[in-house]
Every structure is written in structure tokens, then in C-alpha cells.
Amino acid sequence: MAQTDKTSLNDMPFKGEDDDFKTINYVKGLVRFIKNAQAPLTIALQGEWGSGKTSLMNRLEYGLCRGGNSDFMGITINTWEYSMLASPEETVYNILARLVKEIGKDNSGVKKFFKRISNMAWRGGRELLKGAKIAGQTLPVIGIAIEALNVPTENPLASDNDDVALSELREALEKAVKQHIEDEKKKGIIIFVDDLDRLNPPVAVEILELLKNVFTIENCIFVLAIDYEVVVKGLEPKFGKLTNQNEREFRSFFDKIIQVPFSLPVNSYQPMDFVMRSLKEIGYLPGNVEPKEEQEALFKEVVKASVGNNPRSIKRLINTLSLLDCITKAMRENNRSAFDDEAPMEQHLNEKLLNFIIVAIQICYPRIYSLLVDRPNFTEWNREFAAREGIAMSAGVEDGEPDWTDLLEAVCSADKYLSQRYLDISKLFSMIVEIIAREGGNTKENIGVKLKEILDKASVTGVRSSVKVEEFDKKAFIQKLYEKVDRRINRLRPDIERLERRKNTGNGGYIFWVSDGQRYHIKFVPDNLNNTITLRLDLSTRIARSDNMKGLSFEKLLENQRLAEALSAFDDRISPLLQERSFFTSIHSMGEKFFTSYSDELRYHHKEGSMSDDVTHDAVYLITLPKPSDFEAEKIIDAVADVVIANYDFRNSMKDWS
């Protein structure tokens, strides 16, 4: 593949017979299925953001509706376009109007039907058409549909004696479809509805219901780009949050509308031919030189460990690399090609691989990338660096000096997504070490030099919120937190009378008394770490073992009903917060294990043998958000108030316990 003049890839969906990810057999199979399917039928193309739903839809349209010998007529509806600058109601109106116009534009039966509806509402004026009813169901799009079909709406002889059945609308549209396919000598009409998962989920569900109620007609096949997860979110106002108990209701709704769900075979994608060809086309790799087999294997490993098989993410990675490469070339005095100096080709490809890895980390793992920016030589990550970055180390390295693998594992374990990708991230770091080690010399020193050079250039393509230390007024932060949390606690628990603010020195918290006269502290410790704001909540939940409890296991201790009930009540408030790991995390996460309750955390530490003197320890939690104002959100204030209340109730429940 020769180098071209282009420097980027567009993010347009693949079209026609493109087979860049080796999915042609799936496309052909779907085309064959649809050609011989019995309509009406609705097919859902399911896949995550950027996985290629629109590309697949384009290929289906090409295979089924293009050319003189095609079997079907095609109508494409991009729902996102109809939602722009429109309310949810208008979005639904406009989509239905477009479908009616396309199907019924040349059919007198459809026009007569809408004329009949308009006659019924004539006395109330044209605006009432927007509230016209069909068989008792409000179908506010009627007015727009009438305008789309140029149906007259003024008829003083109109009669409103009869209701209009929904079946009559379907019958009129069915006749229009039949006329269309007979005139064009086709088997049917395929309606491609794209970008439903970009709409507000309740609007997407409303459109699905509309299609089911109005367009379940013969000779009509719908191909929809929508995920089941979008349907779930759209149905939450109706069914509540998805649980094991109501999951069947969600699934039943989906199954009634979607007869054939098709999940994009992302795991079967083969993107590397596309990746290597694209890297040559944009000039990142020399078009006249083939990387060695082991080098190409490394490029594949980077893709696999970062963007995976997602087409949109792959294109973003390649475009970012191209931009950085253009900057590198511009820095060269003679604007020479990156491959025409005296340095060996092997060295150039190693540099390209290092750039590839760093940009992949930047795009896929921004938290890890930010740590590299703060200290590029990750072989020097140590306990001091961990403390500065707010990284909680696991029990296994508490006594010794951690190395970079320990810190990387600790960072990943505190985040649900990163914990799932820990092995991939670790693989990328190991590849950096291996590549730099090939060049000889002091590998640890070279890592710092090489990565700093790459990171300085890569900074122009990063997306990183910036909160400068001098802009973070800790006292003002604590004061605002006090005002909001005080009001929330007073509203939720007016019975808590003895709750006193700690002195605001930039830290904060509360002092509270329980009925036995004991005084306890809850500490708020805010800090600016890694361009984010972290609030640490230190609780007073430690209970020491009495002599008669020495040697008892945690399960044996839980046989005490009072302790079991106190921990259960504490978990009822804390566990829901621990599910929101993006902003509320336990500092006591260990390795790949993440605790979803205080009881599970205690159980782990008892099993590890670190609780020989205590029944419970002081719980510590972190809330990390991009900027100080984010802590004023109701959800965060509720969380902080819940932590305070949970600690207060726990201490009252366990007063004088032994």
C-alpha cells in the first residue's frame, strides 16, 4: 500500500461492499435472511457506541435495495437528524410524517384517510389536528402528516359521528405499500431506522411503540439500530429500575417489538489489515517497507489491549497518531520524512510503537495516562508518589516499598472499568519496557527520557480537565459543603441534635455524641490530586475486641444479633454508594477485589488476619470529581449526608457493646 497525501481517516460509516473488518459473511447471511423473510418483520441491530451499526445498515441497504435487480425499495430514517432543535414530541411527529409521506405520497387511499381525520377535527380548527385521536389513542402527529400529504383541512360539510380505528390507518398504509411494490415490481419495502440509541431513551421507546402500533403492515420490514440497554433506560419511567424481579417486563416489551435481535459480532472483527493499511496511507508507517512479523504482532497487541475491535475508536487512535506525527515532522529542521535519515529502520519502528502505545493509553485509559504525565518514568513510582496521587495501596505491600506494578494494580482496582482491563494495561506497560530495553543502555533512565518526549507532544491531543491548586480554596469548599450537608441532615434526621462542625482549617467534618456520652469524629479531607478534587471521608467505626472475643472469626462475631443488625443497617446506606464507583470509591480496595459493602471489607481483613485486635476498623471512603463545583450536586450532598448518618446510627447501635 503506497503512502497517500491524506493525514486522517473520516468517521463516516463504511458503505457498499466494504469489508475492512472481515464481516462480509455476516452481511451476506443477513441479506439472505431478509430476502426470504415473511413480513411484517422488525430486526434490531445491537452494538456498543462506534461498533459499526450504521455501517452494517448501509451494507444491508446496498445489498437489498440498490441496483436494477434489487428486491426491495428502501427508506432511510436518521432519527438523530429529526431530533435536532426539536422537542421529544416534535421528534416523534417528524419521523411519522416522513414515513407517511414516503409510503403514501402517491396513494389516494392514504390521503382520503387523513382527509377523514381532518374533517372530524375541522370545527375545532387546524391546531386540534395535533390532538386527533385514533381509536382512543392520541396521535398528535396527524396534523403534520396531513401537511406532508397536502391533504385539505377545511371542509364545512365534515361529520364527526364516527371514531377512527387504528386499523384503518394501517389498512390505508398497507394499500399504499402494495401499490408501491406493484408499480416498482418489488417484494416489499425496507425501512432503515438509524441512531435511535443517540436519542433520549424514553423518546426512542416512544418511537418503537409508534412503529409497532402503526406500521405492523404487510410487505414492510424494519431494520432498527438500537440496543436493548437503551430500551431498558427508556422504560425505567414505566417499570422502575431494572431488577431481577421486573426484568421479564423489560424483556417482554423488547420481544413484542423486535422479532429478530442481531448483535454485531465485534469479537469476530479482524481489524488489523485495516489498521496497518491505514497507518501506511496516512504516512505513519513507510508505504514501501513492511514491518517484521514480530513488529506487526506488537501493533496488533497494542490494538487488542486498548481500542479493541471498535471501528470508531480505532479511527480515533489512527487520527491522533497522524496529528502527532505531523507535529514531529514539522519540528525537523529540513522537514524530512520520518524515515529518510540515517537512523536504522528498526529504531524508527520502535519509536512508532512507543508513540502508538502512549496514544492508545491516552485514548482508552485517561486516568493511567494522567499518572504518566505527572511522572513519565513509571519505574520510579513509589509510596510518596502514591500518597500524592491519592492511591491506596493494598495490604500486601504496606510494609515494603511498592514498585510500579503495585501502584498500577492499586489504581486499577479502585475503578470498575480499569479493574476489568488491568491485564491489558499491564501488558502495554510491559511492552514499553521491552521495546526500550532493546536499545541497550540504562533501561530505567531511558524510559523517563523517551516517555517525556512523547508525552510532551501528545499533550496537544489530550482531553484533561484542569483545576489549578491555587484555584482550589479548601476553606470555601468545606464551608459550602457544610451548608448543604447540614440542611440535608436536618431534613432527613431532625432527631440528630448533637452534631457539631469541626473547625474549618481547610479540612472539616463533624463531632457527634451518642447516648452513652461518648464523642466521635467524622473527618472531611479535601485535596487537589492529579487535576481532580478528592474528598476523603474518615469515619469513626472502629470497635476493639474484648478479651472474650479474642480469636473469634468474623462469622462467629456476627452471631451476635446486635452487631449483625448494626452492620446491616450501615451497609443499607453505604452499599448503594459503593456501586457508583465513578465518583464514590472505597479506599480499602485490595488488588482486583472491590468491596461492595463494609461487611465484605471487614470479612476480607478478618480472613487475612489483620483484625486480631479489632472487631471493626475505621472506614475510609473517597469521592473524586473533576472540579469543586461538582460537589454541590444533590447526588453528592446526599452521599455525604448518608455517610454521616450511617456513622452516627452505627455508633448509637453499638454503644457500650462488648
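The conditions of being in a loop (DSSP other than H, G, I, E, B) and of a type in the set (Lys, Arg) are not met by Lys480. Condition check for His521 on (1) part of a strand (DSSP E or B); (2) out of contact with any helix residue (DSSP H, G or I) (no Cβ under 6 Å at 6 or more places or on another chain); (3) farther than 20 Å from Asp571 by Cα: one failure, at (3). Arg248 satisfies every condition listed in (1) at pLDDT 85 or above; (2) of a type outside the set (Asp, Glu); (3) more than 17 Å from Thr42 (Cβ to Cβ); (4) not in a helix (DSSP H, G or I) except (4). Taking the criterion of being open to solvent by less than 30 Å² (accessible area, probe 1.4 Å), in contact with a strand residue (DSSP E or B) (Cβ under 8 Å, 6 or more places away or on another chain) and either modelled with pLDDT under 85 or hydroxyl-bearing (Ser, Thr, Tyr) (or both), the residues of region 439-486 that qualify are Val467, Phe472, Tyr482.
Contact annotation: residue pairs with Cβ atoms under 7 Å, 6 or more positions apart or on different chains, pairing a residue in region 49-68 that is over 14 Å from Val193 (Cα atoms) and free of Cβ contacts under 8 Å to residues at least 60 places away in the same chain with a partner that is surrounded by fewer than 18 Cβ atoms within 10 Å (Cβ to Cβ) and among the β-branched types (Val, Ile, Thr), are Gly63/Val31. Output the residues belonging to region 266-308 that are at pLDDT 80 or above and closer than 19 Å to Tyr417 by Cα. Those that are at pLDDT 80 or above and closer than 19 Å to Tyr417 by Cα: Val302, Val303, Lys304, Ala305, Ser306, Val307, Gly308. With respect to Ser263, is the statement that it is buried (at least 19 other Cβ atoms within 10 Å of the Cβ) and polar (S, T, N, Q) true? It is false that Ser263 is buried (at least 19 other Cβ atoms within 10 Å of the Cβ) and polar (S, T, N, Q).
Of everything in region 607-634, what is open to solvent by 30 Å² or more (accessible area, probe 1.4 Å) and either touching a residue at least 24 places away in the same chain (Cβ under 8 Å) or touching a Leu at 6+ places or on another chain (Cβ under 8 Å) (or both)? Give them in sequence order.
Lys607, Glu608, Ser610, Ser612, Asp613, Asp618, Thr624, Pro626, Lys627, Pro628, Asp630, Glu632, listed by residue number.
Restricting region 546-565 to residues that are charged (D, E, K, R) and at pLDDT 90 or above leaves a set whose member that is most open to solvent (accessible area, probe 1.4 Å) is Glu559. Among the residues of region 58-81, just one is under 20 Å from Gly188 (Cα atoms), open to solvent by less than 20 Å² (accessible area, probe 1.4 Å) and touching a Ser or Thr at 6+ places or on another chain (Cβ under 8 Å), namely Leu64. So which residues in region 42-56 are of a type in the set (A, V, I, L, M, F, W, C) and more than 8 Å from Ala225 (Cα to Cα)? Hits for region 42-56 are Ile43, Trp49, Leu56.
Let's see how each residue does on (1) within 31 Å of the chain's Cα centre (by Cα); (2) assigned to a strand (DSSP E or B):
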{"residue": "Lys28", "(1), (2)": "yes, no"}
{"residue": "Phe33", "(1), (2)": "no, no"}
{"residue": "Met57", "(1), (2)": "yes, no"}
{"residue": "Gly67", "(1), (2)": "no, no"}
{"residue": "Gly74", "(1), (2)": "no, yes"}
{"residue": "Ala86", "(1), (2)": "yes, no"}
{"residue": "Ile95", "(1), (2)": "yes, no"}
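Residue by residue, here is whether (1) in contact (Cβ under 8 Å) with a residue 12 or more places away in the chain; (2) closer than 20 Å to Met73 by Cα; (3) under 21 Å from the mean Cα position of the chain (by Cα); (4) part of a helix (DSSP H, G or I) holds:
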| residue | (1), (2), (3), (4) |
| --- | --- |
| Gln179 | yes, yes, no, yes |
| Ile189 | yes, yes, no, no |
| Phe192 | yes, yes, no, no |
| Ile207 | yes, no, no, yes |
| Leu210 | yes, no, no, yes |
| Val232 | yes, no, yes, yes |
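Taking region 268-279 only, how many residues are part of a helix (DSSP H, G or I) and either in contact with an Asp or Glu (Cβ under 7 Å, 6 or more places away or on another chain) or open to solvent by 10 Å² or more (accessible area, probe 1.4 Å) (or both)?
Of the residues in region 268-279, the ones part of a helix (DSSP H, G or I) are 268, 272-279.
Now restrict to residues that are either in contact with an Asp or Glu (Cβ under 7 Å, 6 or more places away or on another chain) or open to solvent by 10 Å² or more (accessible area, probe 1.4 Å) (or both): 268, 272-274, 276-277.
Count: 6.
Only residues that are open to solvent by less than 70 Å² (accessible area, probe 1.4 Å) and in a helix (DSSP H, G or I) were counted in region 212-230, giving 4. Within region 237-253, if we keep just the residues that are touching a residue at least 12 places away in the same chain (Cβ under 8 Å) and within 21 Å of the chain's Cα centre (by Cα), the residue that is farthest from Ser51 (Cα to Cα) turns out to be Pro237.
In region 525-546, the residues that are at positive phi reach residues that are at pLDDT below 85 and among the acidic types (Asp, Glu) with C-beta atoms within less than 8 angstrom, at least six apart or across chains, in these pairs: Asn530/Asp374; Asn530/Glu389.
The values are calculated or read from the model by the stated rules, or taken from the named source; none is laboratory data. Predicted model, so just to flag it, every value in this text is computed and none were measured. Backbone-built Cβ (ideal geometry, glycine too); neighbour counts: all protein chains shown. What goes into the accessible areas is simple: the full protein's heavy atoms, side chains included, and nothing from ligands, DNA or RNA. Shrake-Rupley method; radii C 1.70, N 1.55, O 1.52, S 1.80 Å.
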